[in-house]
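Notes for the one structure printed next.
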Amino acid sequence: MTSGAMRASQEDFERAKRQVKDLKEDPGNEVKLKLYALFKQATEGPCTSPKPSMLDFVNKAKWDAWNTLGSLPKDTARQNYVDLVASLVSAQSLNQEKTSSNDSKSEYENLVVTREGNITKIMLNRPAKKNAINAKMYNEIVLALEAAGKDDSSLTVITGNGDYYSSGNDLSEFGIVLPEDIEKKIQDSYLLLRKFVEHFIDFPKPLVAVVNGSAVGIAVTLLPLFDIVYATDKATFHTPFTQLGQSPEACSSYTFPKIMGSVKAAEMLIFGRKVTAQEACARGLVTEVFPDSTFQKEVWTRLKAYSQLPPKSMVASKQLIRNFEKKTLHRINVEECALLRERWASEDCLNAIVNFINRKSKL
Ligand code: COA
């Protein structure tokens, strides 16, 4: 909004306030923080209240969002609030139109699971959030893997919808927790992560990752638990655990040094070096890299041919390759999750999450 543009009237502002209450879809934490900050700035002016403590997640995030507006004039904040609400209302009515014109109902909210011949395809489906994995999606992947392990398909494929494979753990979800609920959230996340990784360790059939775009965090660390990893040449692979005050998961503290050597593993897992698809392939994290322009065609032709191979023989060979170290993997998983539970409660991690949530609150 430029300074010469028309300012919203008090009536527009009151209407926008009512519209926010009537929104049927949750606009997400970042937008809610932005709305909060603009509302406070529009009604009270610049933030002068004392900064809440680090453990008071919710109020700290709200305070940061408001504080970043600095000396933004009240009437500009009011106009920005009205504009933001108008964009949410119009996005919501567009979504509702799309939903009512689309009868197909999926049992999953964040996945699209389809059958392609002998292949069960599990597609991560939060493209607007770069397929970040929230608690709901973790649970849905567990359910989809359980179903795929039992169905009569011969291969299971995991891929992403949109330009990302997955941006890893949903950071915003973890951030907005009331101080009194933090301990419970950390314990629930610990149990969920442990169960999630167990399902990859124990998955009985050949499991394939079709890495359609960049991968971050757990979307990268899980890859050694797949049997084939195909990647587009535009994908990058990145595990910024230290930057987030966190530590490696999905057995990567064991699998990464094993497949790429400890010095290359440390570069990724400790220092968060982002590698290209070619580098990931050279390090043994990716089976093969394909040009992005022919990626889907080449990969699916290959997988359809593999899916015609005798399924029982594939399962038997997979068991032979994987079974002897399953116990080790389960032990590593427990250790990694226990360390993460500690890291999640650390100031480094809390700070990193608050910073991520607030990074777009500045206008
Ligand atoms: N958790 C929560 N939300 C995420 C997310 C994550 N891991 N990754 C992306 N998103 C959301 C963004 O908040 C944004 O939401 P918004 O449109 O409501 O603001 C949306 O997805 C698009 O992301 P954006 O950051 O605008 O896209 P980009 O192309 O500039 O950057 C990433 C993409 C993935 C590099 C960047 O979003 C990022 O660094 N995400 C965090 C990745 C991460 O650290 N994961 C955890 C590893 S342990």
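Read-outs: derived from the displayed coordinates by stated rules, not from any lab. Since we're looking at a predicted model, the values are computed, not measured. A quick note on method: Cβ atoms are made from the backbone with ideal geometry, for glycine too, and the neighbour counts reach across all protein chains shown.
Quick notes
- Segment 121-127 - phi-based ³J(HN,Hα) in whole Hz, Karplus 6.51/-1.76/1.60, Gly and Pro as x: 10, 10, 9, 5, 10, 10, x
- Point-charge dipole on Cβ atoms (K/R +1, D/E -1) for segment 12-153, about Cα centre, debye to 20: 480
- Proximal aspartates and glutamates to Lys130, defined as alpha-carbon separation beneath 16 angstrom and excluding residues fewer than eight positions away on the same chain: Glu30, Glu109, Asp163, Asp170, Glu173
- Peptide packing: for 184-193, 60-69, the average count of neighbouring Cβ atoms within 10 Å per residue gives the ranking 60-69, 184-193, highest mean first.
- For segment 172-207, backbone nitrogen atoms closer than 19 Å to the point 7 Å from Ala345 Cα along Cα-to-C-beta are found at 174-194.
- Vicinal HN-Hα couplings computed from phi for segment 256-272 (Karplus, 6.51 cos²θ - 1.76 cosθ + 1.60; Hz; Gly/Pro x): 5, x, 5, 8, 10, x, 5, 6, 6, 4, 5, 4, 7, 7, 9, 9, x
- Across all Cα pairs in segment 3-103, the calculated P(r) in 10 Å bins from zero up to the longest distance comes to 15, 40, 30, 12, 3, 0 percent per bin.
- Evaluated at q = 0.14, 0.19, 0.20, 0.21 Å⁻¹, the base-10 log of the normalised Debye intensity for segment 232-303, with identical point scatterers placed on the Cα atoms, takes the values -0.48, -0.78, -0.83, -0.88.
- In degrees, nearest ten, helix 74-100 long axis to first principal axis of the chain (Cα): 40
- Across Lys195, Lys24, Lys40, mean-square fluctuation computed from a Gaussian network of the chain (C-alpha pairs under 10 Å connected) peaks at Lys24.
- Qualifying aspartates and glutamates (Cα of each under 12 Å from Cα of Lys312; at least 8 residues distant if same chain): Asp152
- Convex hull volume of the Cα atoms of the chain, normalised per residue: 157 Å³.
- Candidate aspartates and glutamates for bridging to Lys74, where Cα separation is under 13 Å - those fewer than 8 sequence places away on the same chain excluded: Glu44
- The residue list Met260, Phe241, Tyr306 was ranked by how far each Cα lies along the charge dipole of the chain toward its positive end, using unit charges on Cβ atoms, and Met260 comes out on top.
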